[in-house]
1. Only bridges with both residues in segment 285-379 count here: give the DSSP antiparallel percent, nearest 5.
2. Using only the Cα atoms of the chain, build the gyration tensor, take square roots of its eigenvalues as a ≥ b ≥ c, and label the shape rounded, prolate or oblate: rounded if a/c is under 1.5, else prolate if a/b is larger than b/c, else oblate.
3. Output the peptides 283-293, 149-159, 311-321 sorted from most to least packed, where packing is the average of other Cβ atoms within 10 Å over each peptide's residues.
4. Report the residue, chosen from 50, 237, 33, that carries the largest GNM mean-square fluctuation when the chain is represented by alpha-carbon nodes joined by springs under 10 Å.
5. For segment 201-342, what is the relative contact order in percent, using Cα pairs closer than 8 Å and at least 6 residues apart in sequence?
6. Between residue 230 and residue 376, what FRET efficiency follows from the Cβ-Cβ distance if R0 is 51 Å, with the result rounded to 0.05?
7. When a/c is below 1.5 the answer is rounded, else prolate if a/b is larger than b/c, else oblate, so apply that to segment 295-379 with a ≥ b ≥ c taken from the square roots of the Cα gyration tensor eigenvalues.
8. Can you tell me the 0 to 90 degree angle between the C-alpha axis of helix 222-232 and the longest principal axis of the chain, rounded to 10?
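Coordinate-derived values only; no laboratory data. Quick caveat, the model's predicted, so the values are computed rather than measured. Counting neighbours? That spans all protein chains shown, and the Cβs are built from the backbone with ideal geometry, glycine included.
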Ligand SMILES: *Cc1c(COP(=O)(O)O)cnc(C)c1O
């Protein structure tokens, strides 16, 4: 053989690292973009091409579907790509009912790309069931919910929304990114589709961008969403799937500890004289507390609060924190603080005095001490 042939083939026997031979305890990362066919043209493991399917992606999809109690998991390159696929599974002319309190990126997707595409959207307050009912039309195909919502932690009664939507023949999707399947399982409450930005708690270490849709058995949009994934090709890499699956093992421990930390931080902030409001569903004073308690196991690791003052005072508090990292995103092991209004489009409605916290795995006493010294610096 010539040197360039040896360079291509030496050490590379297709399937030679097959897991049945060496039996690694941690799964291998199958980076291969393509898989060898048998002489008869069949595919020995069922895999053909990694854009269509890959062992690491299949493992991740099955794990998330299992956690959510759904039938199908469909993984994407981001939470936003997952949302795109759901909306693309609908037809131009269809109507979607979406929450007023919603992750701004998903809202922008509806009002820009999908408005041009011919999807009709109405935004309604999901905690006002009368207005939800009134906003449904004969063309409504999907009711989108997000609970707790970003960034003001509004709570939606999933059982009630499902009852109203199903009576009208409409499917319900829940963005379960903030609660995670450890604290809230929407499919068990009757929801048809669950959306995750796996960038957040599921991957949990601020080192992956990913998304996933979980569909209940028999959901009529599943095949169309799968088609958007495969034909559209916005799929996660094998390494990102591997990292996310690895992180899911510790998800229950992380989320429970982060929730306990958030309770302590919310209690501290609520009693602080320079804090005008705290948004956390675990507080008895929160308008959605009882509904949250009826559908969540714990209240989660996310909260937001309004500083006594305006934009400058909120920025000042964020600038003075030493343990909290000033960054967007959430769900990682490190605590983050973010001035939300300055990353959202103008008119998003988020108060200029609001700071959003993602509670990590530091000791809550240290986080509270950091917020205490930051608030003490206010003039
Ligand atoms: C981050 C986020 C998304 C978008 O996910 P990406 O992975 O950033 O594309 C959607 N919904 C919620 C609630 C989020 O927090």
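1. Once the DSSP bridges in segment 285-379 are tallied, antiparallel ones form about 80 percent.
2. Cα axes put the chain in the oblate bin.
3. 149-159, 311-321, 283-293
4. 33
5. Reported relative contact order: 26 percent.
6. Plugging the Cβ-Cβ distance into 1/(1 + (r/R0)^6) gives 0.40.
7. oblate
8. The answer is roughly 70 degrees.
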